[in-house]
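What follows is a set of notes on a single structure, which appears directly below.
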Amino acid sequence: MTRYEIEQGLDALYRDLDNVQNMDEETARRVYNVDCKADFIEVIEEEIDTYEAILSGPDTDEDNDMDYDALCLIQGLSRYA
């Protein structure tokens, strides 16, 4: 899954969460085919946590202990070009 797809999925989850929270119990049960509105909200919040964990995972622009100076030197590149 690409970062864009994850962000789109996260946006959809937030929209679903907002919709469910604004529905009464009976409507939520009927629309989402669930036994309890609160249980469904909990499931959505867990999915949101999962998606946010994926987004904040190792693919951020944090330093990953790579020696970029040595890498550029080996490749014959200027580090600050």
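Tabulated values for the structure
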item	result
Read-out Cα extents along the principal axes in Å, derived from the coordinates shown; its label in (1) 67, 18, 17; (2) 45, 33, 17; (3) 41, 28, 26	(1)
Theoretical ellipticity at 222 nm over the chain - DSSP helices of four or more residues, -39500 (n - 2.57) apiece, nearest 500	-22000 deg cm²/dmol
Share of carbon and sulfur in the accessible heavy-atom surface of the chain [1.4 Å probe, %]	49 percent
Heavy atoms of Leu17: accessible area, 1.4 Å probe, square angstrom to 10	20 Å²
Residue list for region 22-39, given a label point 7 angstrom along the Cα-to-Cβ vector of Glu46 and an amide N cut-off under 16 Å	34-39
Accessible-area value, Tyr14, 1.4 Å probe, nucleic acids and ligands omitted, Å²	100 Å²
Estimated inter-spin distance, Ala70 and Arg15, nm [label 7 Å along Cα→Cβ]	4.8 nm
Surface accessible to a 1.4 Å probe, per residue, for the residues of the chain, Å²	80 Å²
Summed side-chain charge close to Asp24 - residues other than Asp24 whose Cβ falls under 13 Å, Lys, Arg +1, Asp, Glu -1	+1
Extension gain, Ala53 back to Tyr32 (0.36 nm per residue minus Cα-Cα distance, nm)	5.0 nm
With Cα atoms, 0 to 90° folded angle of helix 3-22 axis to the chain main axis	20 degrees
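The values are calculated or read from the model by the stated rules, or taken from the named source; none is laboratory data. These numbers come from a predicted model, not from an experiment. Note that we place each Cβ from the backbone using ideal geometry, even for glycine, and neighbour counts take in every protein chain shown. SASA here: full protein model, heavy atoms, side chains in, ligands and nucleic acids out. Shrake-Rupley method; radii C 1.70, N 1.55, O 1.52, S 1.80 Å.
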